[in-house]
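Encoded as structure tokens, the structure appears first; notes follow it.
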Amino acid sequence: MSGTPGQSFEGALRGMLEARRPLDGAPAELREQILLIPEQVRADGAHRSLRPTARILGAAAGLAAAAAIAFLMVGALAIRPVAPDVGGSPPPDVPLATFDPAIEGPGIVTPPDDYPPPSESLTVVPWAIAGVGGVLLAVVALTGGRVRRIAAVAGVAVLATAAHALSSHPGFEMGNSIGPRMGLDVRVEPPPAGEGPDVWYLTAEPGGPVVLAFDVRNPGPLPIRLLGVVQGKGPVSSFPRWTAVWLHEDANGGMPGEEEAMPFRPLEVPPDGHVVLYLVGRAGSCAFGPSFRLDDAGTGAFASSRHVRIAYAVLGLSSVGEVELPVTLAQPQSEECLGA
Amino acid sequence: MRAELVVDRIDQERGRDRAMSAAAADARVAAFRGLVGPGLDHAYGLAAVILGDRYEAEDAVHDAAEVAWRRWSDLRDQSRFEAWFGKIVVNACRDRLRRRRRRRIMEIPRLALDSEHPTAPDETDASALRDLLRRAFERLSPEERIVVVLRYEADLTVPRVAELVGIPEGTAKSRLHHALRKLRAAIGEEER
């Protein structure tokens, strides 16, 4: 080739491209068709300016609808939320404002079975929504540009953080005060099993009332709805068998007497809020009873417990948490009864 | 009597609104025809060079004109029509090249074979060189093909090419560089 290689290449390239250009102009038929376009195609006009807004609103509505469907579907599929007052209702003629340990039912939540525990929708639903939202955002990211991808990644991060925060919500924890009110003896030196927390012995008659008062606190950042105390369908001889919950929601850190307690009703506990629970139970059918003496502890059998299972809901999603008491509750048992 | 006067007044106002709306629509149609008509030869030529097929170029220009009419309200300044319409034509061509690429995927092995064993160009035969270039040009990606045409056929500067394609200037330069390297390689100039 003549000339410099660069010039010859560029010349050849220009020549090749020029050869592709039609010698005549646009065909007359094409020209006619194009000039007819305004009569055949409606111009979008001013409505076009609303398209981006409509698109955003449409996408937002789609996401909201998908989230709502996911919420409803997962809520329906998850284990049913526990419902308060399943254990029975107080007789209608009993004045509820007066504390009465004989009343059974208020505040007791009974799961369908003792195990597995009742609804954990607080764990399942947020992660399910985050999963569905993540898939939708992935679709958005794959169909859009860089900005949309960044927004989608940020959205997934927000969803995952929110799901993690909700599902790991701490629930209730033990407050500052606890006290035996009825049917408990607090002679505790030394605990029968060696070192450990104080032991409160149950000295009520078999089937007799036991009342324990303590306060619980909401340590989390969100309000928690207190649904009740979970009581499984254990054997009659077992302890504790909780039968009712009474409460005092305006104790200001104190521990009012049970005569000031109100019958349980589900209530919202604000962050860092306290509520005093008066937990009413029944001594088991094999309880040793009031004749028990600590000196006899070496010869008897004990049923003991340190945990109270509390049902609660955060943002309408229910869960069950265990509050660990600072004492062990022990029921001395009659060996004759157990052997019978 | 008074009510009749009010109704007449409303009818008159409605009639005037309708007349104004019709006049605005007529003006829009006239503007479209007045601007698209003269630019049609250039647009058709550009599409034909990019696509290498007259019939497909006709379709691309028709598609572009239809899009231009639908988006007519986007054109704020009619003096910018040529660049605005050029961009739409380029986009229409790119869409067609992409579709064509998907349709003709079975042809790739044959083209690849050609590139592996290029016909030795006759140094004295410019048409043979052009033929080699044409084949190599056909194998460029739609984006590369468009920047080459805009730069060397439409004779636009790189900033204008970038503006028309809607990409940063650096991207246009890099795209052009890669395309030219492929074309040079195809005719064996790099080895020389």
Based on alpha-carbon positions alone, could you give the equivalent ellipsoid semi-axes of region B:1-100 from the gyration tensor, as √(5λ), descending, whole Å? 43, 12, 10
Using a 1.4 Å probe on the protein chains only, how many percent of the accessible area of region B:1-100 belongs to carbon and sulfur? 49
What's the local net charge at A:N176, with K and R +1, D and E -1, over the other residues with C-beta under 9 Å away? 0
Run the numbers on region B:158-187: which residues show a drop of 10 Å² or more in accessible area, chain on its own versus all protein chains together, using a 1.4 Å probe over heavy atoms? B:L180, B:L183, B:R184, B:I187
Burial-style ranking of A:146-155, A:203-212, B:33-42, average other-beta-carbon count within 10 Å with highest first, yields A:203-212, B:33-42, A:146-155
Residues of region A:11-26 with accessible area at least 50 Å² lower in the all-protein-chain context than alone (1.4 Å probe)? A:L13, A:R14, A:M16, A:L17, A:R20, A:R21, A:P22
Rolling a 1.4 angstrom probe over the protein heavy atoms, how many square angstrom per residue are accessible across region B:1-100? 57
Test item: B:64-72 mean partner chain Cβ contacts at 10 Å: 5
Starting from the Cα of A:I56, step 7 Å along the direction of its Cβ; do the same at A:E29; then give the gap between the two resulting points in nm. 4.6
How many Å² of accessible surface get buried when A and B come together, counting both sides, probe radius 1.4 Å, rounded to the nearest 100? 3700
If packing is taken as the average number of other Cβ atoms within 10 Å across a peptide's residues, how do B:43-52, A:14-23 rank, most packed first? B:43-52, A:14-23
Give me the percent relative contact order of region B:122-192, please, defined on Cα pairs under 8 angstrom at least 6 residues apart. 34
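The values are calculated or read from the model by the stated rules, or taken from the named source; none is laboratory data. None of these values were measured; they are calculated from a predicted model. So basically every Cβ, Gly included, is an ideal-geometry build from the backbone, and we count neighbours across all protein chains shown. Surface areas here come from the heavy atoms of the whole protein model, side chains and all, with no ligands, DNA or RNA. Shrake-Rupley method; radii C 1.70, N 1.55, O 1.52, S 1.80 Å.
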